[in-house]
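Reviewing the structure listed below.
The values are calculated or read from the model by the stated rules, or taken from the named source; none is laboratory data. Being a predicted model, the structure only gives us computed values, none of them experimental. Here Cβ is always computed from backbone atoms with ideal geometry, including for glycine, and neighbour counts include all displayed protein chains.
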Amino acid sequence: MSVERVLLVTGGSRGIGAATARLAASRGYAVCINYRQDHRAAGEIVSHIECAGGRAAAVQADVSIEAEVVGLFQAVDRDLGPLRALVNNAGMLERQGRVEDMDAGRIGRVFATNVTGAFICAREAVKRMSTRHGGAGGAIVNVSSRAAALGSAGEYVDYAAAKAAVDTLTIGLAREVADEGVRVNAVRAGVILTGIHASGGEPGRADRIAPSIPMKRAGQVEEVARAILWLLSDEASYCTGAILDVSGGR
């Protein structure tokens, strides 16, 4: 890249977010790594990027809290410069269970992070990137899940429903801002080797499901990151409102 672009990756201290931050920095982006709790992990990614000659910053914020999201974007403005790209990656799920056992508190927590957080981050990004607001354009990639299409019966129907909402956000927002210099796409990740499976109570879930995947293996975080970076890049200049499955055929 001839001109450095500023990228914000939410939930960037681990998993797909961390892989995306590292890859983006290697391709010339200045990267803000947002994290909710793990300051050490976020700091290690910043150090890795800086040691390689790049620019990076780590900013704590819980994307489910609107005021913290606003502060996050203000920190990017202050520390890195005009935002040109957003990866809405922050997400969470709760322990595996059936719908009949889910209470409103659980459902609210899942939607607050996965849906409301994505909406508010997208709002702040559009305010900075859209030509309607005086911006120079940019790109948003929402990290969704194949669960949105498959439903995750008996495991995470609430999470699947939240990611389906992210898919709808992607399509609707893309059409809203298509003529304002902002492209909005999504990557729908399949079974990927990350710590999220442990959060759901089954650390070995990826290995259990792998035989049912047409490619017979779980994905690596770097494979998702490469898809995200393509959608952010000028190579995807005529691509908006698209949902790209990175799922080994599942």
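Just a few scattered comments:
- Candidate set from region 82-101 (those that are surrounded by fewer than 22 Cβ atoms within 10 Å (Cβ to Cβ) and in contact with a helix residue (DSSP H, G or I) (Cβ under 6 Å, 6 or more places away or on another chain)); member that is modelled with the highest pLDDT: V99
- Here region 169-203 is the region considered, the condition is being closer than 26 Å to D101 by Cβ and either in a helix (DSSP H, G or I) or among the polar types (S, T, N, Q) (or both), and the residue that is modelled with the lowest pLDDT is H197.
- Of everything in region 26-46 that is small (G, A, S) and within 23 Å of G71 (Cβ to Cβ), the residue that is surrounded by the most Cβ atoms within 10 Å (Cβ to Cβ) is A42.
- Subset of region 105-161 (residues that are under 25 Å from R95 (Cβ atoms), under 18 Å from the mean Cα position of the chain (by Cα) and outside any helix (DSSP H, G or I)): N142, V143, S144, S145, R146
- Test: residue in region 205-221 that is exposed (fewer than 13 other Cβ atoms within 10 Å of the Cβ), closer than 21 Å to A139 by Cα and touching a residue at least 12 places away in the same chain (Cβ under 8 Å): no
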